[in-house]
Amino acid sequence: MIKLAKGLIPLGLAALALWMLLLRGAFGAAAAPGSAAAAATLRASAQPERVRVALDRAAPTASPESSPLPPEEAAETEPLLRVYDAAPGKTMEMGLEDYVLHALAAEMPVSYGPEALKAQAVAIRSYALWKSRAFGGGGCSKAADADLCTDSKHCAAFAGDEKMRENFGAAYEERLEKLRLAVKETKGLCCAYLGEPIQALFHSSSGGQTEDSAAVFAQALPYLSSVKSPGEELERDFRSSLTLKDEEAAKKLNAAFPGAKLESAKLKEQIEILDRSGSGRVLTLRLGEKRATGKALRAALGLKSTNFTLEFGGGEIRFNVLGFGHGVGLSQTGAEAMAKTGADYRQILLHYYQGVEILPLSNLE
Ligand SMILES: [Zn+2]
């Protein structure tokens, strides 16, 4: 059994106060969807022995008035996380539930339904625990002592209080309350596989079918298997496109893939999709005299996903793209679509994370 820190309340409150001082203006706009994704620093396949560390740490002193979570909502026992923020270059210590609230505020539109928000809250909590050193995770590689960082492209996005006020505007109290409820009603719950917290990756839109983790991150995790994600077509980020003049496309791609030797007049013959994953995402392409991965092409052109088709003609090349993000794990727009059809957060989680259990922290290995 994991030892949990006592006296969470003063700690969580204190961490938040300190947080607000240090993170002022430090965060960007609402998270890039699928941010946990880039995070996909999957644990090394040869995992180190899981080491249990007592989570008792000294609570910093600060005013208790500043926590976004009312004291009665804070658990009596709760893991503490060390969260690194690159802007001030400091690592904050805060309670798990506070962390979930701030990450939720940054990762999912607050306009989403309560059950979608709850599913996202549990996913964030699970991912945080998976990374947490105290639960056997590797922590965040950006700082020696951190469990997570606030970089949406590395661990998960995080909105401090000031950022939430800026994003929520006049509806701040109402929107914060909606997020608080999503955290409170799932307090301490975590997706677990074989008794351990899962790497609960998520993304904005899968384009209709999520992706196997092995196709994106070269590690097959049974709970990150491809599933259908119906209803996304009615939500944001489902379809997008990028059109480039042939000259511009050749120039950009030759710069990104040296040796490709693309010629603007011959793109149709020179660019060919070679293979796709089971869910339809481009794995490799021929770019003139080079081969490239779909991921590399996506990065080079800023496409929303690797699930794209090509159209040539009229002196242009057009990329028609489905979905937004890496496509692994929970689809946020899919979760919202499920919530609209009456699914609860448990059904949403059990759909996107196949074979997991939803357990309270006390039941984790
Ligand atoms: Zn990180």
Among helices (runs of 4 or more DSSP H) lying entirely in segment 289-365, which contain 1 or more residues that are under 18 Å from the mean Cα position of the chain (by Cα), among the acidic types (Asp, Glu) and over 17 Å from Pro197 (Cα atoms)?
-> 332-340
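Filter segment 206-219 for residues that are part of a loop (DSSP other than H, G, I, E, B) and not acidic (Asp, Glu) and give the result. I'd like the intermediate steps shown before the answer.
Let us first name the residues in segment 206-219 that are part of a loop (DSSP other than H, G, I, E, B), namely 206-208, 210, 212, 218-219.
Matches in segment 206-219: Ser206, Gly207, Gly208, Thr210, Ala218, Gln219.
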If we scan segment 115-132, do we find a residue that is out of contact with any Pro (no Cβ under 9 Å at 6 or more places or on another chain) and surrounded by fewer than 21 Cβ atoms within 10 Å (Cβ to Cβ)?
-> no
The one condition Thr210 fails out of (1) within 18 Å of Ala119 (Cβ to Cβ); (2) polar (S, T, N, Q); (3) within 16 Å of the ligand (Cβ to nearest atom) is (3)
Taking first residues from segment 107-130 that are under 17 Å from Lys163 (Cβ atoms) and second residues anywhere that are among the basic types (Lys, Arg), the pairs with Cβ under 7 Å that are 6 or more apart or on different chains are Val110/Arg175; Val110/Lys178
Please enumerate the residues belonging to segment 220-252 that are small (Gly, Ala, Ser) and either out of contact with any Ser or Thr (no Cβ under 7 Å at 6 or more places or on another chain) or not in a helix (DSSP H, G or I) (or both).
-> Ala220, Ser225, Ser226, Ser229, Gly231, Ser240, Ser241, Ala249
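Values quoted throughout were computed directly from the atomic coordinates according to the rules given, and no laboratory measurement underlies them. Computed from a predicted structure; not experimentally measured. We place every Cβ from the backbone using ideal geometry, glycine too, and count neighbours over all the protein chains shown.
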